[in-house]
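The values are calculated or read from the model by the stated rules, or taken from the named source; none is laboratory data. Worth saying up front: this structure is predicted, and the values here are computed from it rather than measured. Here Cβ is always computed from backbone atoms with ideal geometry, including for glycine, and neighbour counts include all displayed protein chains. Side chains included, ligands, DNA and RNA excluded: accessible areas come from the protein's heavy atoms. Shrake-Rupley method; radii C 1.70, N 1.55, O 1.52, S 1.80 Å.
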Amino acid sequence: PQKILADPSTALGGTSSQLLDSVEFIPLETSKASVFGSIWKMEVMDDYFVIGDMDTKAILVFQKNGKFYSRIDKTVLKGDPGLNFTVDNTNKLIITRLVNAPKTLYWMDLKGHIVKELSLNDILYSEGSLGDSLVLISPWTYSEKPPGSDSIDYAVQYLSNNKIVNRLLPVPVKLFRIQMTTSMPRPNFFYSSGDPDKEVFIGENYDYTVRILNRSGIRQTYQLVFPQDLSLPADFLTNSTYREKEDQYLKENLKKIIALRNVYYTGDHLCFETLNSTFFNKDRYLYCNLKTGNMFSMERITSDSSSYFLPLLGQQEGGGIVGCRGKSLYSAVTSLELFQALEANKARHPNYPLVLQNYFATSTKQSNPVLIKMKFKENM
């Protein structure tokens, strides 16, 4: 694996005009049908944003201009949709499971009409996609009863033409235990890259490995190396003695990075979020130039006139970096944060574009979050 040294304390910063080629604000329409809480997962299609919201247990579809298109929930399905979904951009389909049917994959159009379903042997947790004909699935690798010592499953399985055609990364089946650490939301294992023929896979909690998958298998592996005071012991996942004192260890080491989330790959750059047990660690959104090794903290990018002095990274739940398409990243900021910034920056008289003028004139602090499309300069 290629090692990436990731020290949040020394990550670089700068102004938006210094670091970003472009910044675009995309308000998401707010209506009785479209209102949602926060972004659990988002997929960016050619013409649509597909958003999973844990608060309302729904998948919402918005057009690229932010106009509401559809809401998919148990009123149009046979149950609550799984929010670790993926998309088939070519055929404009959403691929997921239902919460009450965890062994079946459903292909839905963007209105929630089921066009295909496929029952599999494993309980599914997360889905990814490599174009329109190959789907990646991650089985649930936990058991309610103590598994046998030789119980093995595969972290990634390739599905093509209704058949499993490849399996990667054998992992032992583990006993599922309800405790502080396992009550932390499991990750969305798959994240979209900027390239439609590649997908990002991250491991379970406590794992700092990022794998870039293509149709043949693992294309590239990156090992994130954090400072010792932020890192778990190297054998934390394999040494059984930690299982007995897991809770105590994490409570006594709140700064330790315990999970990766929102991991996006844009060819020459890797963006990722780190979580510790406080869930509010500083400089947790990092952006690495894989060619130069430069590491930036997204939280150290200061908004200036090029971004209208508005926040580029939401601090509320469901904010932060939430998507990727091509070489652009998408963040989400709550309307509350934007209206607070509007008030704070009155004396600067920002020259808001028409889309923001209309947003501030017609929205409130309770309106849906706003997406921000950002593209870093190539030499950063």
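Here are a few things to note about the model shown:
- Residues of region 51-82 classified as among the β-branched types (V, I, T), in contact with a Phe, Trp or Tyr (Cβ under 6 Å, 6 or more places away or on another chain) and at pLDDT 95 or above, total: 1
- Here the condition is being open to solvent by less than 10 Å² (accessible area, probe 1.4 Å) and modelled with pLDDT under 95; of G326, G320, G267, it holds for G320 alone.
- Test: residue in region 288-297 that is buried (at least 19 other Cβ atoms within 10 Å of the Cβ), charged (D, E, K, R) and out of contact with any Pro (no Cβ under 6 Å at 6 or more places or on another chain): no
- Given (1) of a type in the set (S, T, Y); (2) farther than 25 Å from S16 by Cβ; (3) surrounded by fewer than 16 Cβ atoms within 10 Å (Cβ to Cβ), index of the condition Y208 fails: (3)
Matching residues to (1) under 30 Å from N289 (Cβ atoms); (2) surrounded by fewer than 21 Cβ atoms within 10 Å (Cβ to Cβ); (3) among the hydrophobic types (A, V, I, L, M, F, W, C); (4) within 19 Å of the chain's Cα centre (by Cα):
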site: S22; (1), (2), (3), (4): yes, yes, no, no
site: T30; (1), (2), (3), (4): no, yes, no, no
site: A33; (1), (2), (3), (4): no, yes, yes, no
site: G37; (1), (2), (3), (4): no, yes, no, yes
site: E43; (1), (2), (3), (4): yes, no, no, yes
site: F49; (1), (2), (3), (4): yes, no, yes, yes
site: G52; (1), (2), (3), (4): yes, no, no, yes
site: Q63; (1), (2), (3), (4): no, yes, no, no
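- Annotation note: of Q366, Q315, the sole residue that is under 24 Å from N188 (Cβ atoms), out of contact with any Leu (no Cβ under 7 Å at 6 or more places or on another chain) and not in a helix (DSSP H, G or I) is Q315.
- Leading residue by the ranking (nearest to M45 (Cα to Cα)) among those in region 211-253 that are among the aliphatic types (A, V, I, L, M) and open to solvent by 70 Å² or more (accessible area, probe 1.4 Å): I218
- Answer residue from region 134-153, given it is at pLDDT 90 or above and under 18 Å from N188 (Cβ atoms) and is surrounded by the most Cβ atoms within 10 Å (Cβ to Cβ) among those: S138
- Qualifying residue in region 115-125 (condition: out of contact with any Gly (no Cβ under 7 Å at 6 or more places or on another chain), open to solvent by less than 20 Å² (accessible area, probe 1.4 Å) and part of a strand (DSSP E or B)): yes
- The residues in region 329-376 that are surrounded by fewer than 16 Cβ atoms within 10 Å (Cβ to Cβ) and of a type in the set (S, T, N, Q) can be counted, and the count is 8.
- Exactly one residue among F339, F309, F296 is assigned to a loop (DSSP other than H, G, I, E, B) and modelled with pLDDT of 95 or more, and that residue is F309.
- All conditions but one from (1) at pLDDT 90 or above; (2) in a loop (DSSP other than H, G, I, E, B); (3) closer than 16 Å to K198 by Cβ apply to G131; the one that does not is (1).
- When region 278-289 is limited to residues that are assigned to a loop (DSSP other than H, G, I, E, B) and touching a strand residue (DSSP E or B) at 6+ places or on another chain (Cβ under 6 Å), the one that is nearest to G323 (Cα to Cα) turns out to be R284.
- Residue match in region 192-201 (condition: without any contact (Cβ under 8 Å) to a residue 40 or more places away in the chain and either part of a strand (DSSP E or B) or open to solvent by less than 70 Å² (accessible area, probe 1.4 Å) (or both)): no
- For region 86-100, the count of residues that are open to solvent by less than 30 Å² (accessible area, probe 1.4 Å), in contact (Cβ under 8 Å) with a residue 60 or more places away in the chain and within 19 Å of the chain's Cα centre (by Cα) is at least one.
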